[in-house]
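Let me begin by presenting the structure, written as C-alpha cells, before commenting on it.
A short reminder: the numbers here are calculations on the coordinates, not readings from a lab. What you are looking at is a predicted structure, and each value in this text was computed from that prediction instead of being measured. As a convention, Cβ positions derive from the backbone with ideal geometry for all residues, glycine included, and neighbour counts pool all protein chains shown.
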Amino acid sequence: MIGIVGWGTYIPRYRIKTKEIAESWGDDPLRIKDMYLVEEKAVGLFDEDTVTMSVEAGRIAITRAGINAGDIGAIFVGSESKPYAVKPISSILIDALGASHNVFTADLEFACKAGSDSIISAMGLVKSGMIRYGLAIGTDASQGEPGEHLEYSVGTGAAAYVIGSENVVAEIKTVHPFVSDTPDFWRREGYPFPVHGEGFTGEPAYFRHVVTAAKELMSKLGMKPTDFDYAIFHQPNARFPLRAASILGFPLDKVKDGIVVDKIGNTYSAAALMGLANVLEKAKPGAKILMVPFGSGAGANAFYIETTDLITEKARIGKTVEQYLAEKMYIDYSYYLKYRKLIRMH
Amino acid sequence: MVLITTGVYINGYASVPPSRHYEKGVTELFAESTLKALEAAGNPRIRMIYMASALMELTSEQLNAGNVLREYIGLKDVPTMRVENGDGSSSLAMLAAVNDVKLKGGCVMVVGIEKPHEVTSTKLNKFISFSTNSEYEAFFGVTPAAQAAIMAREYMNKYEYSYEDIAVWPLKMHERGAQNPNAYFKKAVKMKDILESELVADPLRLYDVAPYVDGSAAIIVCSEPNKRDAIIQVSGAGMGVGSAYFASKQTYAALESVKPAVDQALAESSMKLEDIRVINVHDTYSIIGLMTLEAMGFSPQGMAPRLMRDGAFDPGSKVVVNMDGGLKAMGFPIGASGLYQLISSIAQLRGEKPFESLNADAALVHDMVGIDQESIVTALRRGD
Amino acid sequence: MVEQNLSIPKYWRRTQQYYRLTASKCGKCGKIYFPPRKVCDCGNSTLENYELPRQGSLVSLTVLRSVPVDFEKQRPLLIGVVDLGGVKLMGQVVDCPTPDALKPGTPMEVVFRRVKEDGEHGIIYYGYKFRPIKGCES
C-alpha cells in the first residue's frame, strides 16, 4: 500500500477582501464576487514566499507523519512562483527541515499541477523501493498583475505530503493523467506577471483536462460519482470546481469540503492539495476521495484515494486548514500593493 | 584623599567643535585637533599615536589611516596604534596610551576621529548596527536604539515611571548645553518638545537619542607634567563587561558592565566614590545616562530620574553629571566620544570656561561599547 | 559580475542556527547557549547541538522606526525579546502591525521567514522570526 503518511499546510495570516481590490479599480464588487465566488484571499507580505511556506507546511507534515526528517529519501517541490528562477527550494528544505544529504531532490513546474506531480514522483520512488518516505510539496505565492482579474483570485499557500508505504493514513490507489499542449495561461521568462487567454482557460483547458482525467479514471476503475465520498478539484476560483462537479455528476455536499478558494484564493500548486488536506482533516476511515489537480499548459492528474483507520488520529496532530482559516488579519489595498511589490523596490 | 603621583599627565588637548563637517575629511579633522593639542603641550616629541575610531574604514574607506594622517601633519617615524572598540574606542585608546607612558615614559598622542556624516542616515544606521551581534542581532535589523528602547521599557515598568519621568534626562542635558558654547545643540528644550518629538524606537523619541556628529579630539599624555599648576593626571582606569548578545543579559532594567569598571578605576587611583565630584557618562540614550548614575553608585536603583528631576546632579551639587550637556547636547562622535568627554572632564577639573563654577579635583569618565556590552571608566585627578 | 553586498559564506555557515535554532548545550553542567558557544562558563569545552523549542513567550518589545538601510522598506521593525524554554532571543516579531495587545507572557512561536535580500539579483537571507501564536489581537 502506497499513500499519504502525513500532511501539513500553511496559509499566511493576512487577508484582503476582493471587494477592497474591486473598489480601487472601479469594478463592481458584487459582480466580481459573483464571477469568482472568492470573498477574500490570503496574502504573503514581504517576508513570506514559496520557500518559507514550504518549510512551515513541511514541518507539520513531518510531525503528523510521525517520522524523523532523516528518514526522508526524496524532496520534490512544485511551484510557479519561486523566488529564484534557478536555485531550488528543495535543497533549502534539507537544511531547514533537518533531512539527510542523501536525498533525491528537484523543483517541479507545471503551473498548478506541480504539487501533485511532486506526489507522483515520490510515489514512484517509494514503490520502486528506492526510498522509504518522500516529501512532496505544492507551494505558491503567485503574481497577479494589479488591475487585472487574476488579482481577484490569486492566493498564497503551501501544502506538504509525506508519501510512504508504512503507516499509510490515506492510500493513493490510482493516479491517471491527461495532458496536452494547450496554452491557456503562462508566464514568460523575466516577465513579472502571468498572462492568460480569458475564456480559453475554461472549456479547452480546465474543463477538458479535469473532466477527461476524472472520467477516464472512473472508467478504468469501473466507478461512478456515487461511489465516492468526496470530490476535490483544482480551484482557480469557486465557480470552476463547482461546474466541473456538476458536469461529472457530483453533488454539492461531496464537493464543498474540498473547496477553500473562496476564503484564501487560488493557491496554485497547493490548491487541490489544500482542499485534500481539509477533507483528510474531516474524513472518516474508508472514505473514497477523487482529487483532480489541474495545471495550465495543460494537464490534470486524477487521484483515487481511500483513507485508512489511521486517519482520524492523524487529523488531530498539527494545525488544520480550519485553524488557518480562522486566523486572519485584514489589510487594505495600498498596504497590499506596497508589500507585494516590495521585491521590485530596490 | 592621598595624592598619588601616577606618572601619567595630561599636557595638552584640543577638539574640533562637533558638527556635520561636510567640508572636512578625516585628514582635516585630524590636523585641526592634533596640531592644537601639540601646540598646547609645547610641541613635545611624540613617540606613538593611539587613534580611536569606530567607523573609519566603513565611512572613509581608509585602512592604516594612521600613516595617511601622520604624513598630513608632517610627523615622521611615529607609529599609530589604531584602536577600534565601537563607541568605547576612545577610552580603550587612552588605556593603551596610559600603559605605554607608564612603561616607556615620554609623550604619546591619543586622538579620536569619526566621520559619520560621510554616509546617509540609513547607511549609518547599518554601520552602527555592526556594534550589535553581527550574526544574531544586526542580521535581523536590530540596532542599539532597539536595545536601549527595551531597557527603557523594562526600567519604566520595574520602577513605575512614565515616559515624562525619564525625559528629565534630555531636559537637563539641554539646560546644560545651553550654557556651553562648545555644545553641538546649544538650545534648551521644553518638556513639550521632548514629549512630542518623533518616535525612534518606542518609548524612546528623538530627544532621547544623542545626535551623530563628525569630530576629532586629541590629548597629549606624558610622563612629566609641563605645567606647575592644575596638573591633571590619569590616576586609574577600569573595565567591565556585559553581554555580547543583548537577550542574554541578566536584567534589562540595569547596566551590568559599569560597576566593575568604576571599582577598578577607583582602586587603581586609591580613591573612593565619595572623592568624585565630577562625572561624565556615556549618554548615547537618555536611559543609559540615568542607569549609569545608578550603576556607578551615585543613585540607588530606580531613583535616578527622581534625583535628576530634583537637581541632585546639577552644577552646584556634590556630584555634577555631564556639565557640558553630555553626548545629548555635545553630539555623539561614536568612537571619538570618549576623547571629547575626557577633554570636558579635564576642562571641568581645571575650572575652564564654561565650567568656572566647578571646584573639583577628581573626575570619572564613563565610556561604553554598544548597549552595556562593555564599559571603560577613566579616573582623572587634579594636583597642584 | 554585479556587486554582491551580502556575504554568502557568512550566512551559509549559520543556517543551522537561522533555520533550526541549533544552540549549544554543555555536556558537563547542562547550560544552554544561543548563540552557540565554544566554551561554557563552567570551563568545559565539550558542548553538543541542541535545538531550541519553537514555542515560548514574549519578554519585551519595541517598534523600531529608525532602521538600517537594508531594512528600509520593511520599516517599522518590531524588535522583541522572546523566551524559548528558558533561553532568551532577540529578533523580529511579525504578523502584528499594531502590537498594542502584545505583552510580557504572550505565547509566541518561531516562524521561518525571509530576512533580507541583496537587491534584485543577489542572495536571499532566510531566518527565524517570532509571531504571537493566537494572533495580533489576543
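Observations, loosely collected:
- Max mean-square fluctuation residue, GNM over chain C, Cα-Cα springs under 10 Å, options C:Leu78, C:Leu64, C:Leu102: C:Leu64
- Max mean-square fluctuation residue, GNM over chain A, Cα-Cα springs under 10 Å, options A:Lys220, A:Lys319, A:Lys19: A:Lys220
- For the pair A:Glu171 and A:Met130 in one chain, pulling the backbone fully straight at 0.36 nm per residue adds 12.9 nm over the alpha carbon distance.
- Amide hydrogen proximity for A:Met329: with H placed 1.01 Å from N in the peptide plane, the residues at 5 or more positions away or on another chain lying under 5 Å are A:Tyr14, A:Arg15.
- A simple spin-label model places pseudo-atoms 7 Å from Cα toward Cβ; at B:Leu206 and A:Leu325 they are separated by 4.9 nm.
- Members of C:Lys25/C:Lys88; A:Lys17/A:Lys319; B:Lys186/B:Lys353 lying beyond 20 Å, as alpha-carbon distances in this model show: A:Lys17/A:Lys319
- Estimated 222 nm signal from helices in chain A, with DSSP H stretches of n ≥ 4 weighted -39500 (n - 2.57), rounded to 500: -9500 deg cm²/dmol
- The string of couplings for the stretch A:5-15 from the Karplus curve (6.51, -1.76, 1.60, θ = phi - 60°) is 9, x, 8, x, 10, 8, 10, x, 7, 6, 10 Hz, one whole number per residue in order, with x for Gly and Pro.
- Net charge over other residues, Cβ less than 10 angstrom from the Cβ of B:Leu63 (K, R count +1; D, E count -1): -1
- Selected from B:Leu327, B:Leu199, B:Leu55 as most flexible by GNM, with chain B as the system and alpha-carbon contacts under 10 Å: B:Leu199
- Links that overshoot a 29 Å alpha carbon limit, given the list B:Lys172/B:Lys259; A:Lys33/A:Lys284; B:Lys158/C:Lys73; A:Lys282/C:Lys134: A:Lys33/A:Lys284; B:Lys158/C:Lys73
- Look at the Cα gyration tensor of the stretch B:131-203: its axes a ≥ b ≥ c give a/c of at least 1.5 with a/b at or below b/c, and that counts as oblate.
- Farthest toward positive dipole pole in the stretch B:240-384 [+1 Lys/Arg, -1 Asp/Glu at C-beta], among B:Phe332, B:Ala312, B:Val377: B:Ala312
- Helix-only mean residue ellipticity at 222 nm for chain B, each DSSP H run of n ≥ 4 adding -39500 (n - 2.57), per residue, nearest 500: -10500 deg cm²/dmol
- Of the DSSP H helices in chain B, those that are both long (alpha-carbon extent of 15 Å or more along the helix axis) and hydrophobic (Kyte-Doolittle mean at least 0.5) are B:89-104, B:286-296, B:337-349.
- Once both labels are positioned 7 Å from their Cα atoms along Cα-to-Cβ, the gap between A:Thr63 and C:Thr46 label points is 3.3 nm.
- For the pair the stretch C:70-138 / the stretch C:1-39, the C-alpha centres are spaced 18 Å from each other.
- For the stretch C:119-124, 3J(HN,Hα) computed residue by residue from phi via the Karplus equation (6.51, -1.76, 1.60; θ = phi - 60°) reads x, 7, 10, x, 5, 9 Hz, glycine and proline entered as x.
- Shape call, the stretch B:246-384: gyration tensor on alpha carbons, a/c limit 1.5: rounded
- Chain A, relative contact order [Cα under 8 Å, separation at least 6], %: 25 percent
- Cα shape, the stretch B:311-357, gyration tensor, a/c 1.5 rule: oblate
- The mean sequence distance of close C-alpha pairs (under 8 Å, at least 6 residues apart), as a share of the length of the stretch C:16-138, puts its relative contact order at 22 percent.
- Taken one residue at a time, the phi angles of the stretch B:226-240 give Karplus couplings (6.51, -1.76, 1.60, θ = phi - 60°) of 9, 10, 9, 10, 6, 6, 10, 10, 8, 8, x, 8, x, 9, x Hz. Gly and Pro are set to x.
- FRET efficiency estimate (nearest 0.05) - Cβ-Cβ, A:Thr212 to A:Asp181, R0 25 angstrom: 0.95
- Estimated inter-spin distance, A:Tyr191 and A:Glu145, nm [label 7 Å along Cα→Cβ]: 0.7 nm
- Expected 222 nm ellipticity per residue - DSSP helices of 4 or more, -39500 (n - 2.57), all of chain C, to 500: -1500 deg cm²/dmol
- Loop trypsin sites (Lys or Arg not before Pro), the stretch A:119-204 (other Cβ atoms within 10 Å of the site Cβ: 14 or fewer; DSSP): A:Arg188
- Arranged from fewest to most other beta-carbon atoms within 10 Å of their beta carbon, B:Cys107, C:Cys42, C:Cys96 become C:Cys42, C:Cys96, B:Cys107.
- When B:Phe332, C:Phe71 are arranged by Cβ crowding within 10 Å, least crowded first, meaning fewest neighbours, the order is C:Phe71, B:Phe332.
- Efficiency of FRET from Cβ geometry, C:Asp83 and A:Met223, R₀ 56 Å, rounded to 0.05: 0.55
- Estimated FRET transfer efficiency when R0 is 22 angstrom, pair B:Arg20-B:Lys190 (beta carbons, to 0.05): 0.35
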